[in-house]
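The values are calculated or read from the model by the stated rules, or taken from the named source; none is laboratory data. Note that the structure is predicted; figures quoted are calculated from it, not measured. No Cβ is skipped: glycine too gets one built from the backbone with ideal geometry, and neighbour counts run over all protein chains shown. Note: accessible area is taken over every heavy atom of the protein model, side chains too, but ligands, DNA and RNA are not part of it. Shrake-Rupley method; radii C 1.70, N 1.55, O 1.52, S 1.80 Å.
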Amino acid sequence: MTKTASAKSSKKEATYLQTLEFKEAQAMLFLIDSDKTDPSLEDILMYTNTKDISNAHKALFSELSRNETLLDLYENVDKPLIPIVEKMEEVGIKIDVPYFFSLSKKYHEDLAILEKDIWKYAGREFLITSPKQLGEVLYDELRLGEKIKKTAGGARSTNADMLDSLKAEHPIIEKVLEYREIQKLLSTYIDPLPKLIDFESRIHTHFLHTGAATGRFASRDPNLQNIPIKTEAGAAIRKGFVAKDGYVLLSCDYSQIELRCAAILSGDERLLETFKKGEDSHASVASRVFNVPLDEVSKDQRRIAKVLNFGILYGMGVNALKDTLGSDRKSAQEFYDTYKKTFPTLVSYLEEVKMQAKRNGYTETLFGRQRQLKMMRSPLPFIRAQGERMAVNAPIQGTNADIMRIALIDITQALEEKKLTKHAIPLLQIHDEFIFEVAKGYEEQAKDTIVSVMEAVLKKHKKEADLIPILVSSEIGSTWGDL
DNA sequence: CGCATACGCGCC
DNA sequence: AAACGGCGCGTTTGCG
């Protein structure tokens, strides 16, 4: 059997010769204890106090069977998902290798120029990739920055936020930021990815179905869930992910899914209403918080509402709000208070989640997936606060993750029923979206099938939660960058 | 030399 | 002071 499966599938020697039995055991253990992310064989044997995977599997199934909800999740969601995800890994996604090479050449040249510029400004050569050395140059030698935030380890921070605030003080800053961006793209994506291709120029990630404590997948070796998109230089990388000849790429993503989950879980009427009406949710929230008509919401008001919306999902405090908005403490506090006053049911829901987490030691998603949060009972206030933030986020992120899992199963079934299995093939899952490879001529049929299945997940599996429309937007293109 | 850690940063 | 949830991964640095 897979004796060879390395202990913690350690970075270097990860062997992925994992049996179905092992993966099922992982899935069961993860449903029982969300902290057992990507459990190793040893973890599983240890937990079940058994000597082989077969007995461990039996033991886990027997324990899982004592909880109807978790057993249901296992039988109908996590277990059937295993072969589906395995198939996605096997298929992989094609990349345009010559294109990656040309990007590499260009960016390495850019990098060399930036390096020279930076050394010139610094008055000496140093390792720009070393935060320690960069800190010495900026803060000791060039004497930039008055009040420098410290890192967790006590060093003067040189992160992008810090550098941004120093931009006006010295031209070296902008160059360093550029250098960092290009260096990141080269070393993490552009240069490593082409080394990973198979005979068809396809690369194969490994999805960890027990990868994140909330129920999300993780993607590893390589991680294809963090391919750049934000900056122009980064987005260029997505153009290197392509459909094979005769096919196109199709992306289908849930829009505002986490905020919709928050609306459903909380039952907050005002939040639900913005989705019922199909409004731009950030603008709509802005209109309510700032008490202005929807069509008079300013750009800045919308921006603030967006930060508030996201902040709520993450358990953000006033301090973080202030930093994110770049505003003063007083107005941050006002925004925060007004938001809470505007969505009282949402706030009381979040309080309820924290209390439940403290009482039970775990949170639950809409579908009953648990996240363990024993830390809620810690004597240390900081740990408890951290637990509260996790507690607030876990049901929201986790419900989204459940919906994605169920959607993938339903999509697979629908494609089989419509005889589209060979013409529309799922390649990637990226938390709120799927990427498919679709045969030319089948674009519309595949898109319609997938979108309607995705939009129907809640009303099909959770009728009582069918409160607002769940919308999916889709794009078709010959490269990922076109989506 | 390999390994763990700190730091930083890519994505949702 | 401490920073808003969930991940994976690159480079540097110090250690055994």
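Across segment A:137-155, the number of residues qualifying as assigned to a loop (DSSP other than H, G, I, E, B) and either more than 7 Å from DNA strand C (Cβ to nearest atom) or crowded, with 17+ Cβ neighbours inside 10 Å (or both) comes to 11.
The set of residues from segment A:184-216 being outside any helix (DSSP H, G or I) and either hydrophobic (A, V, I, L, M, F, W, C) or free of Cβ contacts under 8 Å to residues at least 24 places away in the same chain (or both) comprises A:Ile197, A:Phe199, A:Ile203, A:Phe207, A:Leu208, A:Ala212, A:Ala213. Within segment A:179-227, restricting attention to residues that are open to solvent by 20 Å² or more (accessible area, probe 1.4 Å) and in contact with a Gly (Cβ under 6 Å, 6 or more places away or on another chain), the residue that is nearest to DNA strand B (Cβ to nearest atom) is A:Ala218. Quick check: is even one residue across segment A:264-272 within 16 Å of DNA strand C (Cβ to nearest atom), closer than 27 Å to A:Glu352 by Cα and either buried (at least 18 other Cβ atoms within 10 Å of the Cβ) or basic (Lys, Arg) (or both)? Yes: one or more hits. In summary, A:Ile82 fulfils each of the numbered conditions (1) in a helix (DSSP H, G or I); (2) away from DNA strand B (no atom under 16 Å from the Cβ); (3) open to solvent by 60 Å² or more (accessible area, probe 1.4 Å) with the single exception of condition (3). Residues of segment A:388-417 that are surrounded by 23 or more Cβ atoms within 10 Å (Cβ to Cβ), more than 16 Å from DNA strand B (Cβ to nearest atom) and among the small types (Gly, Ala, Ser): A:Ala391 alone. Would you confirm whether any residue within segment A:291-303 is open to solvent by less than 40 Å² (accessible area, probe 1.4 Å) and within 16 Å of DNA strand C (Cβ to nearest atom)? Checked segment A:291-303: no residue is open to solvent by less than 40 Å² (accessible area, probe 1.4 Å) and within 16 Å of DNA strand C (Cβ to nearest atom). Taken over segment A:301-318, residues that are more than 18 Å from the chain's Cα centre (by Cα) and part of a helix (DSSP H, G or I) amount to 7. Is at least one residue of segment A:355-368 more than 25 Å from A:Lys36 (Cβ to Cβ) and open to solvent by 10 Å² or more (accessible area, probe 1.4 Å)? Yes - at least one qualifying residue is present in segment A:355-368.
What residue, of A:Glu232, A:Glu169, is closer than 25 Å to A:Ile118 by Cα, surrounded by fewer than 17 Cβ atoms within 10 Å (Cβ to Cβ) and more than 14 Å from DNA strand B (Cβ to nearest atom)? If you could, list the steps in order and put the result at the bottom.
Values: A:Glu232 fails: more than 14 Å from DNA strand B (Cβ to nearest atom).
Being closer than 25 Å to A:Ile118 by Cα, surrounded by fewer than 17 Cβ atoms within 10 Å (Cβ to Cβ) and more than 14 Å from DNA strand B (Cβ to nearest atom) holds for just one of A:Glu232, A:Glu169, which is A:Glu169.
Filtered by the rule that a residue be in contact with an Asp or Glu (Cβ under 9 Å, 6 or more places away or on another chain), under 23 Å from A:Ile396 (Cα atoms) and small (Gly, Ala, Ser), segment A:287-331 gives a lone residue, A:Gly315. Against the test of being touching a residue at least 24 places away in the same chain (Cβ under 8 Å), under 16 Å from A:Ser255 (Cα atoms) and not in a helix (DSSP H, G or I), the options A:Ile435, A:Ile403 yield a single qualifying residue, A:Ile435. Only a single item in (1) assigned to a helix (DSSP H, G or I); (2) under 27 Å from the mean Cα position of the chain (by Cα); (3) not charged (D, E, K, R) is not met by A:Leu134, and it is number (2). Scanning segment A:305-319 for residues that are crowded, with 16+ Cβ neighbours inside 10 Å and within 6 Å of DNA strand C (Cβ to nearest atom) yields a total of 3.
Restricting attention to segment A:156-166, which residues are open to solvent by less than 60 Å² (accessible area, probe 1.4 Å) and within 11 Å of DNA strand C (Cβ to nearest atom)? Give the steps one after another, and end with the answer.
Step one: of segment A:156-166, the residues open to solvent by less than 60 Å² (accessible area, probe 1.4 Å) are A:157-158, A:160, A:162-163, A:166.
A:Ser157, A:Ala160, A:Met162, listed by residue number.
Close Cβ contacts (under 6 Å, 6 or more residues apart or on different chains) running from residues in segment A:67-78 that are farther than 17 Å from A:Leu408 by Cα to residues that are acidic (Asp, Glu) are absent.
Evaluate the following for A:Thr129: is it within 13 Å of DNA strand B (Cβ to nearest atom), touching a helix residue (DSSP H, G or I) at 6+ places or on another chain (Cβ under 7 Å) and β-branched (Val, Ile, Thr)? Answer is yes for this residue.
Beta carbons closer than 8 Å, at least 6 apart along the sequence or on distinct chains, pair a first residue in segment A:130-153 that is touching a residue at least 40 places away in the same chain (Cβ under 8 Å) with a second that is within 12 Å of DNA strand B (Cβ to nearest atom) and open to solvent by less than 100 Å² (accessible area, probe 1.4 Å) for A:Leu134/A:Ile128; A:Leu134/A:Thr158; A:Leu134/A:Val176. For the condition closer than 23 Å to A:Phe335 by Cα, touching a residue at least 12 places away in the same chain (Cβ under 8 Å) and outside the structural domain of A:Ile383 (by TED's automatic domain parsing), A:Leu259 qualifies. The residue of segment A:184-234 that is farthest from DNA strand C (Cβ to nearest atom), among those that are over 29 Å from A:Asn400 (Cα atoms) and among the small types (Gly, Ala, Ser), is A:Ser201. Among the residues of segment A:452-473, not a single one is within 23 Å of A:Gly246 (Cβ to Cβ) and in contact with a Ser or Thr (Cβ under 6 Å, 6 or more places away or on another chain).
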